[in-house]
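The values are calculated or read from the model by the stated rules, or taken from the named source; none is laboratory data. Only a predicted model underlies this, so the values are computations on that prediction, with no experimental measurement involved. Note that we place each Cβ from the backbone using ideal geometry, even for glycine, and neighbour counts take in every protein chain shown.
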Amino acid sequence: MIHSVDTILALVLLSILFSYGYSQLFRLIIVVGFQGIVVSIVPFFIGHDMTAGGIVFTIATLLIRGIIIPMSIYIAMKKRAIQSKVAPIIGYQASILCGLGVIVAATYISRQLNIPSISNYTLLFPTAIALPVTGMFLLMTRRNAIAMVLGYIIMENGIYLIGTTISVRALHIVEFGILLDVLAGVMIMATILQTIERTFDDVDTENLRTLKE
């Protein structure tokens, strides 16, 4: 039987594959927003006991992950007229092949672990593994600073999903506190990006090599 959570997670896995091949920051921001929305609503599908407070925290998490953070990055990018094309260290076709390998490996690892509490959800743990790996890949292989910030957010989305899958109950207060730290980090990163762009007229991190002590 295919659960509804597996249906939406299949779309997340597809979006993960897209994130390896996108060269436009705007599309990558949409992917991050979509992933943030999906990982936020997963607790509704996997049987967590949702109290009134838990529902409020989950909705707040959805708004921050899926709307506020992506919109903040998009506004910062438009305000500074930052070039939307991402310069990769590893080519896009090779990146897509790496993405396929990550998804296959995540699926294999999840089957070996065989966690009883989520055994009914085929794609839950593979997605939880693939997201952090994808985020780290973008951090290491994209020279654009905004793309690196988006990679960090994708990685955090995966960490959140891992916590959701292995916990018996969603610890909403802890998760929300972490999310606020992430939001603060994104705001700080936006300020740093503006400084880099103002200094170099670009956010290509390759320019940082020209800095001297």
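Some values worked out for this structure:
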item	result
Counted residues, segment 65-78 - those being surrounded by fewer than 20 Cβ atoms within 10 Å (Cβ to Cβ) and either within 29 Å of Asp6 (Cα to Cα) or at pLDDT 80 or above (or both)	6
Tally of residues being at pLDDT 80 or above and assigned to a helix (DSSP H, G or I) across segment 6-55	34
Qualifying residue in segment 126-135 (condition: over 14 Å from Leu9 (Cα atoms) and either over 10 Å from the mean Cα position of the chain (by Cα) or surrounded by fewer than 23 Cβ atoms within 10 Å (Cβ to Cβ) (or both))	yes
